[in-house]
1. Residue by residue through region 148-200, note down the ones that are modelled with pLDDT under 75, of a type in the set (Ser, Thr, Tyr) and surrounded by 15 or more Cβ atoms within 10 Å (Cβ to Cβ).
2. Say we look at region 21-56 and pick out the residues that are among the hydroxyl-bearing types (Ser, Thr, Tyr) and under 26 Å from ALA87 (Cβ atoms); which of these is farthest from the chain's Cα centre (by Cα)?
3. Before we move on, is TRP145 out of contact with any strand residue (DSSP E or B) (no Cβ under 8 Å at 6 or more places or on another chain), modelled with pLDDT of 75 or more, surrounded by 13 or more Cβ atoms within 10 Å (Cβ to Cβ) and not β-branched (Val, Ile, Thr)?
4. Scan region 95-116 residue by residue and report those that are at pLDDT 65 or above and surrounded by fewer than 18 Cβ atoms within 10 Å (Cβ to Cβ).
5. SER42 - would you say it is closer than 22 Å to ALA112 by Cα and modelled with pLDDT under 80?
Amino acid sequence: MDAVFWFSVTLACLLGAMSPGPSLAVIGSVTLNQGRLAGIVSALAHGLTIAAFALITALGLVVVMSSYAIIFNLLQLIGCIYLVWMALKLLFAAPGSSPELTVLAGGSYWAAARDGFLVALVNPNIIIFFTALFSQFVTVEGELWVKLLMAAIAGVVDTLWYMLVAVIISQPGALVRYQNSSAWLNKVFGLVLLGIVAGIVVELVA
């Protein structure tokens, strides 16, 4: 496992976290309604849930790989297709198409943590994303510490990103600036995802 491997894993997790979706809407709503600290608490709960999902996915993929090689090859193909679809969706997203930030009912920090946990738990795209991502990086021979570290990276990256979102959204006028720049940011994220998929395909062919 070299630096390029870990950089690729970290970058892919960051792009997954940065993609607009229900998590942004919920954590943004918590921040707008209950304040910066509540948004940070929600981000932490979300990140812990993501780390658990990532570890379960990585360990599950090892079982599939060791027993059913054909199924794993199919997962790799589906994973590449999903990442390409995600990239194209970002590239051709209409300007201002990021989720609306709606205000949730007020509550305690426990409620903020609950919202962060639940939005990660019920979002089917999270399992799909990690299955697509980890099918490209997990190997049968890979040691347990590698899978633990991959899950930790996914959780830490997700937590730090949404903490940053909470801090930015809590600044006056920042939300408007984010929405105004979302069009070109989506295109940049989409191109990077396509680059990752291209590298994966080249490696598989080689």
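1. TYR178, SER182
2. Of everything passing the filter in region 21-56, THR49 is farthest from the chain's Cα centre (by Cα).
3. no
4. Of everything in region 95-116, those that are at pLDDT 65 or above and surrounded by fewer than 18 Cβ atoms within 10 Å (Cβ to Cβ) turn out to be SER108, TYR109, TRP110, ALA111, ARG114.
5. So SER42 does not fit the description; no.
The values are calculated or read from the model by the stated rules, or taken from the named source; none is laboratory data. What you see is a predicted model, and the numbers here were worked out from it, not measured in a lab. Positions of Cβ are backbone-derived with ideal geometry, glycine not excepted, and every protein chain shown enters the neighbour counts.
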